[in-house]
Structures are given as C-alpha cells and as structure tokens.
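For reference, the structure discussed in these notes is given below.
The values are calculated or read from the model by the stated rules, or taken from the named source; none is laboratory data. It should be emphasised that the depicted structure is a prediction, and the values quoted were computed from it without experimental measurement. All Cβ positions, even for glycine, are placed from backbone atoms using ideal geometry, and neighbour counts span all protein chains on display. Only protein heavy atoms, including side chains, enter the accessible area calculation; ligands, DNA and RNA are left aside. Shrake-Rupley method; radii C 1.70, N 1.55, O 1.52, S 1.80 Å.
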Amino acid sequence: MRRSPPGIYVEMATAGERFRAFVPAALPPDPPIVWSSALRRRFDDALVALGRLDALSAHLPNASLVLYSFVRSLVGLDRGAAKDAMASFIVGKALSANQIEFINLVVDHLTEHGIVEPGALYESPFTDLTPRGPDGLFSMVQLDELLSTLEAVRATAKAA
C-alpha cells in the first residue's frame, strides 16, 4: 500500500533569511495509520517529551529566540546572507589570497552553523591556513573588525 507524500517543501523568508519550510499534507492520511503497540509507545513518548519541553519553555524569557537560535545552529545561515555579512568586512580592503581563503572558510562555517564563535577561528580548518589562525593573517585592527562583523551576525540571530 503506497501513501501519498507526507507534505511538500516551500521556500520562505523571515528576518532576512531564506529557508525551506515543510508543509504537511492534510489529515487524515490515506490510507489510515495502523496503530501498532510499538507505534503507540513511540507516540506516547513523544507526547511526554513535548510536555516537558512546554514546561521548560514557561521559564524562558523569550522561547521564540531560543528556538530560532537553536534551529539556526542546526541548519546554518543562508549562503547569500553569510556572504553579505562578510562583504561589509571585505569592502575597501586589499586582501591577500590567504585572507580571502580565510574569509571563505568563515562563510562556509556560517552557512553550516549559523554563527562563528571567536574561539573557533583558532581551530581547524582556520588554523590549516596558518597555525596562529586569524592572528597570522590580519592586523589587530582588521581582527577587531572581523570579530565585530561576526558579533553582528550573532546579534542578528538573537534579534530575530
């Protein structure tokens, strides 16, 4: 017995970020779900977990912010948005090939993780270009600008 697709993905945008959202198909499904004891147990476990999550969310000052930050950490940042964020750092600078490669690694990290913690800049893959990370590539002024740019990206995630 073959079921129709459980839903579709649609392109959406919020807070200046593009993403794909899953829109479930109308209920009830056709053919109907057969509730085995194992499926019923999994369903009950999911309900208990949702209840715990709901109870915890009552203690958060802004549950939407936590959820947005969590999802962004899982799915990352849109590549175009990551490039746009780093463009403000690059503009007006004559950067070396290694500096540009470093910025490309930052864009990759933003795309994958949504933010870049400053300490991550001193770990692989960033230290693969130079063992000292950004300290080996950028002046102190440029490094301060880079960290400010990354903080602005993080602030955008918190504000959304």
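Every residue, every condition in (1) open to solvent by 90 Å² or more (accessible area, probe 1.4 Å); (2) more than 16 Å from Thr156 (Cα to Cα); (3) among the hydrophobic types (A, V, I, L, M, F, W, C), yes or no:
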residue	(1), (2), (3)
Pro31	no, yes, no
Phe43	no, yes, yes
Phe70	yes, no, yes
Tyr122	yes, yes, no
Thr127	no, yes, no
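The listed residues are Thr149, Thr127, Thr111, and the only one of them that is in contact with a helix residue (DSSP H, G or I) (Cβ under 6 Å, 6 or more places away or on another chain) and more than 27 Å from Glu17 (Cα to Cα) turns out to be Thr127. Could we say that Leu27 is open to solvent by 70 Å² or more (accessible area, probe 1.4 Å), within 22 Å of the chain's Cα centre (by Cα) and more than 22 Å from Thr149 (Cα to Cα) here? It is false that Leu27 is open to solvent by 70 Å² or more (accessible area, probe 1.4 Å), within 22 Å of the chain's Cα centre (by Cα) and more than 22 Å from Thr149 (Cα to Cα). For the stretch 93-132, a tally of residues being under 28 Å from Val71 (Cα atoms) and either of a type outside the set (S, T, N, Q) or touching a strand residue (DSSP E or B) at 6+ places or on another chain (Cβ under 6 Å) (or both) returns 23. Arg132 falls short on exactly one of the conditions (1) within 17 Å of the chain's Cα centre (by Cα); (2) open to solvent by 20 Å² or more (accessible area, probe 1.4 Å); (3) not acidic (Asp, Glu), and that condition is (1).
Does Ser57 satisfy the criteria of being closer than 29 Å to Leu146 by Cβ, surrounded by 11 or more Cβ atoms within 10 Å (Cβ to Cβ) and among the polar types (S, T, N, Q)? When the stated conditions are applied, Ser57 does not pass them.
Would you confirm, using the coordinates I've provided, whether Ala81 is assigned to a helix (DSSP H, G or I), at pLDDT below 95, surrounded by 14 or more Cβ atoms within 10 Å (Cβ to Cβ) and not β-branched (Val, Ile, Thr)? Spelling it out, Ala81 is indeed assigned to a helix (DSSP H, G or I), at pLDDT below 95, surrounded by 14 or more Cβ atoms within 10 Å (Cβ to Cβ) and not β-branched (Val, Ile, Thr). For the stretch 7-22, the criterion of being out of contact with any helix residue (DSSP H, G or I) (no Cβ under 6 Å at 6 or more places or on another chain), β-branched (Val, Ile, Thr), surrounded by fewer than 12 Cβ atoms within 10 Å (Cβ to Cβ) and under 22 Å from Val153 (Cβ atoms) is satisfied by at least one residue.
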